[in-house]
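First the structure, in the form of structure tokens, and then the observations on it.
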Amino acid sequence: MPNPPANEDGSSLLKRTIEQLRSANSARPRLVDIPKIPGALKFYQVTAYITGIMLLLLVAEMILKYGVGYSVYAFAPGQGFLSLVAYTPENASIGGFDVSTGILIAHGWLYVLYLIADFRLWSLMRMSFTKFVQIALGGVVPFMSFIVEHFITRQVKKFLAENPVPAKASQTPVEASH
């Protein structure tokens, strides 16, 4: 088995990547953006979990289709609600809804939403571009969105604990005049 890539100090690429994800030294948000960060973090967390689940469904579908040789169809004529149909080019037009293709399309669009959430959190936190790429790759490698989400959430929550969200200045009500 080949050895993983290593640098001069002997650490592997995976170990260095996880260490970069853990480090918060690249975050330097502006004071005006700090109140927006909790909402951006929640949006990122939700999209990370949804994208991760859809990616796992996509992997299961690919294994089922190319490893076992079956596609999943819903509402296929003469079949039940959900049915496994042998995957061949002739069966591509059996009717019904191809759940396999639906999962593929849904994951693609949800990944776009994940990238938007990634960009929003990244830009508010003003992290390094490398961190943006690491977060983005979390949505295309199975299980990585859960791992990356864990490290990024920990980092952002630590930052918010050290830099509390400033309270909004009390505003006196303005009366309308005629």
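Of note:
- Of all residues making up region 96-131, the number that are under 20 Å from Phe146 (Cβ atoms), of a type outside the set (A, V, I, L, M, F, W, C) and without any contact (Cβ under 8 Å) to a residue 40 or more places away in the chain: 1
- Scanning region 132-153 for residues that are in a helix (DSSP H, G or I), in contact (Cβ under 8 Å) with a residue 12 or more places away in the chain and not hydrophobic (A, V, I, L, M, F, W, C) returns Gln134, Ser145, Glu149, Thr153.
- Pairs linking a residue in region 68-95 that is in a loop (DSSP other than H, G, I, E, B) and crowded, with 16+ Cβ neighbours inside 10 Å to a residue that is at pLDDT 75 or above and of a type in the set (A, V, I, L, M, F, W, C), with Cβ atoms under 6 Å and 6 or more positions apart or on different chains, do not occur.
The values are calculated or read from the model by the stated rules, or taken from the named source; none is laboratory data. It should be emphasised that the depicted structure is a prediction, and the values quoted were computed from it without experimental measurement. No Cβ is skipped: glycine too gets one built from the backbone with ideal geometry, and neighbour counts run over all protein chains shown.
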